[in-house]
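The values are calculated or read from the model by the stated rules, or taken from the named source; none is laboratory data. Just so we're clear, the structure is a prediction, and the values are computed from it rather than from any experiment. As a convention, Cβ positions derive from the backbone with ideal geometry for all residues, glycine included, and neighbour counts pool all protein chains shown. For the accessible areas, the whole protein counts, side chains as well, though only heavy atoms, and no ligand, DNA or RNA atoms are used. Shrake-Rupley method; radii C 1.70, N 1.55, O 1.52, S 1.80 Å.
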Amino acid sequence: MQSELSLIGAIKSPERIPAHLVSLCRSSGEAVLLAIRYGKKSQRQVAGMVGIEPSQLARVICGNAHMPTDKARSFAYACGNWGWQQWVAFDCGMDMVPRAESLEEKLARLESENADLRSAAA
C-alpha cells in the first residue's frame, strides 16, 4: 500500500508526552485522542497517514474498536509522539524506556562477531 512506504529523507522521531497527561487517560481511546491532539493533527490526517479508515479511528476513540497493534509505530510517527504507547505501558504499571544493549549482550555479540571473522579469515 502506498501509505506504508516511508518517505525518503529525515523524519522527526516521535517525542514523549508528559507523564501527568498520560495518567489522566482512562482508556485506550482517550490515549489515542490525546496523542492526536498533542500532535496537533486532525483525526482524518492521522488516519490517512496510518493507513486506516477515519471511521475505524473514530471507533477506536469511542471505545468500540481497538487500535491495531501493527499500526503502533506508524501511528506514533503520524502523531509525532508516543502517547498511546506510553498509556499502554502506564496501564500495565510500566514505563517506556529506549532499548539498550546490556554489557552481557554486548560481550556475547562481540564474541560472536569475532568468531565469525576468525572463521572467515581461515
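Do we have R59 as assigned to a helix (DSSP H, G or I), more than 27 Å from H20 (Cβ to Cβ) and open to solvent by 100 Å² or more (accessible area, probe 1.4 Å) here? Yes.
Residues to consider are G51, G39, G29; find the one that is in contact with a Lys or Arg (Cβ under 8 Å, 6 or more places away or on another chain), open to solvent by less than 30 Å² (accessible area, probe 1.4 Å) and among the small types (G, A, S).
The conditions single out G51.
Is it the case, given these coordinates, that G9 is modelled with pLDDT under 95, of a type outside the set (V, I, T), at positive phi and touching a helix residue (DSSP H, G or I) at 6+ places or on another chain (Cβ under 8 Å)?
no
Quick one: is P18 out of contact with any helix residue (DSSP H, G or I) (no Cβ under 6 Å at 6 or more places or on another chain) and either surrounded by 15 or more Cβ atoms within 10 Å (Cβ to Cβ) or modelled with pLDDT of 95 or more (or both)? Answer is yes for this residue. Among the residues in the range 91-103, are any more than 20 Å from the chain's Cα centre (by Cα) and either modelled with pLDDT under 95 or over 19 Å from A47 (Cα atoms) (or both)? Checking the range 91-103: at least one residue is more than 20 Å from the chain's Cα centre (by Cα) and either modelled with pLDDT under 95 or over 19 Å from A47 (Cα atoms) (or both).
Would you point out the residue of the range 67-90, among those that are open to solvent by 70 Å² or more (accessible area, probe 1.4 Å) and out of contact with any Lys or Arg (no Cβ under 9 Å at 6 or more places or on another chain), that is modelled with the lowest pLDDT? Top of the filtered list is T69.
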